[in-house]
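To start, the structure itself, in structure tokens.
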Amino acid sequence: MPYRETGNISFITLLAFTFSGQFLFKFFSISTNNFRIAASFIILKIGYDMLQARFTNTKLKNKEIKTYANDIPSLRFPFPCFADRVPLPMELC
């Protein structure tokens, strides 16, 4: 079963980083606060890239470009209270 093997490898990797994490932080002289700041910048960059919704650099046919453009969600979709098509009671908002 490939799922069991994947789970075992993930568990071993998690254990390895659990026990070697402090050593890696000390070796590269990274504090926990520095790690938090760097992680927040990375998450901010990922979120900003997701908001831009740019096309990829791969060559796409015209039909694929139209399909790709239609699959990009609007910003109102994560907030169902503001979506026109999804009637929800205000208690759920």
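The values are calculated or read from the model by the stated rules, or taken from the named source; none is laboratory data. If you're wondering where the values come from, they're calculated on a predicted model, not measured in any experiment. Note that each Cβ is placed from the backbone with ideal geometry, even for glycine, and that neighbours are counted across all protein chains shown.
The conditions are (1) at negative phi; (2) at pLDDT below 80, and residue 30 fails exactly one of them. Which is it?
(2)
Check segment 47-58 and report whether any residue there is aliphatic (A, V, I, L, M), surrounded by 10 or more Cβ atoms within 10 Å (Cβ to Cβ) and at pLDDT 90 or above.
Among the residues of segment 47-58, not one is aliphatic (A, V, I, L, M), surrounded by 10 or more Cβ atoms within 10 Å (Cβ to Cβ) and at pLDDT 90 or above, which makes the answer no.
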